[in-house]
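Reviewing the structure listed below.
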Amino acid sequence: MDKRTLTLEQIVAYGGYLRTEERAPGTIEKYLRDARNFAVWLDGASVTKENATVWKEQLRACGYAPTTINSMLAALNNLFRFLGWSECHLKFFKIQRKLFRDTARELTRTEYERLIRTAEAQNRQRLALLMETICATGVRVSEVKYLTVEAARAGCAEISLKGKIRTILLPGKLCRKLLKYAKKQKITSGEVFLTKSGKGMSRRQIWAEMKRLCAAAGVEPSKVFPHNLRHLFATAFYRACKDIAKLADVLGHSSIETTRIYLVTSGMEHRKQLDRLGLVG
């Protein structure tokens with residue numbers, strides 16, 4: 001068998017393939033990063049099932065969580081499929097569904113409100129409204145671009161991602177705030193959240209701006225990232241309606257099993273549930 005070397009050209013071609021597959025920009029960025037990291041680790045060595053397995057085992061030895069490694073394996077297996085190297089396909093780690101969330105990473109409603117107040121106090125109106133928008137609608141950070149001036153006027157937004165289109169309703173109060181902000185910024189159409197150069201905010205920029213609030217807001221940085229706002233929305237929505245199928249539709253999930261991950265209780269809540277059983281004398 002000829003030596004299989006993973007080249008930069010192949011990784012670039014893989015990126016083109018992912019775009020034709022209409023993968024989300026965030027997914028493409030991550031898959032390419034994982035592919036490049038694997039190529040660096042190989043350091044010119046041949047791509048074999050044995051080498052790929054060693055890489056997988058080393059990730060575990062370095063302390064990466066099984067879920068994180070599985071996301072890397074997904075990127076690599078997809079790359080192998082694209083290159084016709086299916087015999088290098090790696091098995092995922094089997095993971096039991098968590099019974100409770102890590103409290104160190106769970107953003108509470110009180111902490112969320114502190115982040116909003118801190119952003120407003122620092123006169124960072126764009127960031128404050130952006131966080132409110134994500135948390136009030138449950139959109140992914142990559143879907144913020146669909147929350148346009150037109151959507152605020154209509155009271156709903158049409159979101160297209162991964163070949164699926166869904167329509168979400170926007171709270172009236174949020175629509176009024178979005179339109180007021182857009183008018184102040186002289187934005188008459190299109191995206192509401194723009195940079196000074198008139199481009200849409202990137203995932204990295206949103207992430208960095210949120211992290212800079214942590215110290216002043218008194219919130220642990222491990223809890224502050226855009227996806228946690230989506231989690232907070234999911235928890236609040238489910239508590240209000242107790243309809244997981246409806247929540248899955250709003251979040252844009254194909255499987256309710258994915259939605260269940262968002263509804264796992266915190267460790268503290270889980271402990272209270274155990275205590276209420278009263279099985280210890």
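Between residue 40 and residue 256, the contour length at 0.36 nm per residue exceeds the alpha carbon distance by 74.0 nm.
A simple spin-label model places the labels of residue 8 and residue 29 2.1 nm from each other, with each point 7 Å out along Cα-to-Cβ.
With a Förster radius of 35 Å applied to the beta-carbon distance between residue 82 and residue 277, the computed FRET efficiency rounds to 0.10.
Each principal axis of region 2-153 carries a Cα extent, and these read 61, 37, 27 Å when sorted largest first.
Computed from Cα positions, the angle between helix 267-276 and the longest principal axis of the chain comes to roughly 80 degrees. Give the angle, between 0 and 90 degrees and rounded to the nearest 10, that separates the Cα long axis of helix 66-83 from the longest principal axis of the Cα atoms of the chain. It is inclined by approximately 60 degrees.
Annotation for residue 122 and residue 240: the two label points, set 7 Å from Cα along the Cα-Cβ direction, are 2.8 nm apart. Here r is the Cβ-Cβ distance between residue 89 and residue 169 and R0 is 41 Å; the resulting FRET efficiency, rounded to 0.05, is 0.45.
First obtain the Kirkwood hydrodynamic radius of the chain from its Cα pairs, then insert it into the Stokes-Einstein equation at 37 °C and 0.692 mPa s, and state the resulting D in µm² per second as a whole number.
153
If you wrap region 8-88 in the convex hull of its Cα atoms and look at it from every side, the mean projected area works out to 5.2 nm². The chymotrypsin sites (Phe, Trp or Tyr not before Pro) of region 56-92 meeting both criteria, a DSSP state outside H, G, I, E and B (loop) and at most 15 other C-beta atoms within 10 angstrom of the site's C-beta, are 64, 92.
No value in this document is a laboratory result; all are computed from the given coordinates. Since we're looking at a predicted model, the values are computed, not measured. Because the Cβ atoms are built from the backbone with ideal geometry, glycine has one as well, and the counts that use them run over all protein chains shown.
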